[in-house]
Number of protein chains: 2
Amino acid sequence: MKTTGTVPRLTARGVATRARIVEAAADLVFERGVAETGLDAVLAASGTSKSQLYHYFADKDDLVLAVIERQTERVLAEQEPQLHELDSIAGLHRWRDALVGLQRHGGCVGGCPIGSLVAELAGSDRPRELLRAGFARWESFLVAGLTTMRDRDELRPDADPRDLATAVMTALQGGLLLTATTRSTRPLELGLDMAIAHVEAHRLSRSVQPRGRREGPVDAGPARPAGTSTASRSG
Amino acid sequence: MKTTGTVPRLTARGVATRARIVEAAADLVFERGVAETGLDAVLAASGTSKSQLYHYFADKDDLVLAVIERQTERVLAEQEPQLHELDSIAGLHRWRDALVGLQRHGGCVGGCPIGSLVAELAGSDRPRELLRAGFARWESFLVAGLTTMRDRDELRPDADPRDLATAVMTALQGGLLLTATTRSTRPLELGLDMAIAHVEAHRLSRSVQPRGRREGPVDAGPARPAGTSTASRSG
DNA sequence: CGTATACTGGACTGTCAAGTCCAGTAATCT
DNA sequence: AGATTACTGGACTTGACAGTCCAGTATACG
């Protein structure tokens with residue numbers, strides 16, 4: 001998974017400097033957007049200079065590519081604990097709560113670190129491909145969990161884990177976008193609750209339930225009013 | 001609903017020129033983003049000059065505000081026929097098909113004209129407020145339709161039209177975002193199908209059904225494989 | 001018809017950002 | 001140790017862009 005392509009031969013110090021640049025750039029891009037982030041600001045924030053930046057990256061576009069990959073890593077790392085337990089309704093709920101918590105903790109600012117780059121970068125092919133790959137990686141954890149559920153006969157055999165996962169991703173991304181717009185976690189909560197209810201709607205009526213796990217009604221409903229361990233402040 | 005505030009007194013020619021500028025700016029902003037759209041490009045596209053632009057707008061930010069409002073108008077106008085018939089599952093399906101059709105027709109480029117501005121503009125208060133208002137207006141048509149359905153006893157009394165509408169909006173926005181990323185209408189289709197199924201899940205079991213309307217199973221399921229009158233090309 | 005004001009044209013300025021260059025220092029390898 | 005190559009510093013060039021200015025034309029209105 002090399003980033004740039006033909007980097008001569010990186011020294012220990014070299015990789016450190018490069019990493020510092022990408023890290024600073026990722027921070028700035030997240031809070032200001034790509035176009036609004038000047039290279040000088042990246043240099044200042046990372047304590048490096050022009051020549052160093054251009055030693056490791058062909059140009060700004062090249063740096064942006066590295067930033068996309070870094071942001072993907074960050075997003076996945078943030079959810080690491082929950083991401084591997086998406087093989088049950090309860091696990092999905094924990095994931096939901098974690099995401100909502102992260103948004104609230106961050107003041108509902110910025111939305112999705114990957115999603116917020118789409119509008120600005122999806123016009124060009126290389127960045128779009130990287131964004132697509134980032135979403136695909138994210139989604140793959142959902143696919144894995146849902147597939148496990150189906151294999152355990154907790155989901156109907158005709159339920160397609162890939163389609164379900166994509167649907168969940170739309171609610172997630174839209175929820176994050178509207179959350180950033182309204183500065184309220186409410187849209188994210190409602191979106192993800194809908195998505196989880198959608199998964200539940202695909203459950204086998206009397207599934208085997210390996211461990212004792214109690215769930216809500218099959219048709220979802222507004223059972224979970226929108227906040228669980230969370231204090232939801234709507235806009 | 002005045003845009004700028006203290007515009008002296010607009011002549012017929014004045015409003016025409018102003019409109020031409022906003023129109024051109026809206027086009028360019030949609031396809032290139034705010035930051036990537038230079039005022040010179042707007043001038044060239046609208047056949048106007050610097051002094052005209054600064055005669056009608058205080059600065060670029062002010063123009064961007066007008067663009068947000070214009071884009072909101074455009075988005076709503078585009079869906080005009082379907083927007084007033086969101087008071088039935090069939091109407092929601094027609095709306096869904098129209099949105100998918102629009103995306104496919106446009107090559108799945110650009111995503112939502114409003115949503116794509118969020119990442120770039122939600123950092124400042126004035127633009128964010130306008131974006132929020134735009135989404136709210138959009139959502140209000142859903143709220144109206146869903147409320148009608150509930151009043152007709154087609155939805156359970158405890159179903160909250162506002163929450164349902166917000167959930168639908170998340171699927172819509174996320175669907176558009178992922179559609180722009182993958183250049184496939186598939187995510188939008190799956191997202192909106194999930195959202196409609198979510199509404200269906202809130203139906204009264206044996207509702208009065210004013211006109212003869214046949215629907216799918218209450219628990220949604222993958223009954224509608226993702227393409228109806230549409231040819232879905234997944235990525 | 002005349003004057004006040006809306007409107008227009010285009011050259012000009014200042015700033016800031018991307019990318020270049022070259023001279024110098026620190027590693028690495030034999 | 002010495003040569004080769006990775007790495008670093010900062011000044012410099014170039015261009016684009018937002019915003020200004022002023023002189024001139026069309027339009028409203030008495």
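The values are calculated or read from the model by the stated rules, or taken from the named source; none is laboratory data. The structure displayed is predicted, hence computed values, not measured ones. Here Cβ is always computed from backbone atoms with ideal geometry, including for glycine, and neighbour counts include all displayed protein chains. Surface accessibility is based on the protein's heavy atoms, side chains included, excluding ligands, DNA and RNA. Shrake-Rupley method; radii C 1.70, N 1.55, O 1.52, S 1.80 Å.
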Original post:
Can you name the residue in the range A:100-115 that is surrounded by fewer than 18 Cβ atoms within 10 Å (Cβ to Cβ) and assigned to a loop (DSSP other than H, G, I, E, B) and is also nearest to the other protein chains (Cβ to nearest Cβ) among such residues?
Top reply: A:Val109
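Within the group A:Thr170, A:Thr185, A:Thr147, A:Thr179, which residue is among the β-branched types (Val, Ile, Thr), outside the structural domain of A:Glu31 (by TED's automatic domain parsing) and open to solvent by 10 Å² or more (accessible area, probe 1.4 Å)?
After applying the criteria, what remains is A:Thr147.
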Subject >> Where B:Ile68 falls short, out of the listed (1) within 16 Å of DNA strand C (Cβ to nearest atom); (2) of a type in the set (A, V, I, L, M); (3) within 14 Å of another protein chain (Cβ to nearest Cβ) >> reply: (1)
Original post:
On the given criteria, is A:Ala133 in contact with an Asp or Glu (Cβ under 8 Å, 6 or more places away or on another chain), in the same structural domain as A:Leu178 (by TED's automatic domain parsing) and more than 13 Å from DNA strand C (Cβ to nearest atom)?
Top reply: no
Original post:
Which of the residues spanning the range B:40-57 are modelled with pLDDT under 95 and either out of contact with any helix residue (DSSP H, G or I) (no Cβ under 9 Å at 6 or more places or on another chain) or among the acidic types (Asp, Glu) (or both)?
Top reply: B:Ser51
Original post:
In the range B:20-62, which residues are farther than 19 Å from B:Gly115 by Cβ, within 14 Å of chain A (Cβ to nearest Cβ) and part of a helix (DSSP H, G or I)?
Top reply: B:Lys60, B:Asp61
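Regarding the range A:57-70, can at least one residue be identified that is more than 16 Å from DNA strand D (Cβ to nearest atom), within 30 Å of A:Leu190 (Cβ to Cβ) and open to solvent by 10 Å² or more (accessible area, probe 1.4 Å)?
no
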**OP:** Identify all residues within the range A:166-181 that are more than 7 Å from chain B (Cβ to nearest Cβ) and farther than 22 Å from A:Ser140 by Cβ; write none if there are none.
**Re:** A:Thr179
Subject >> Residue check, A:Gln52 in the same structural domain as A:Leu142 (by TED's automatic domain parsing) and among the polar types (S, T, N, Q) >> reply: no
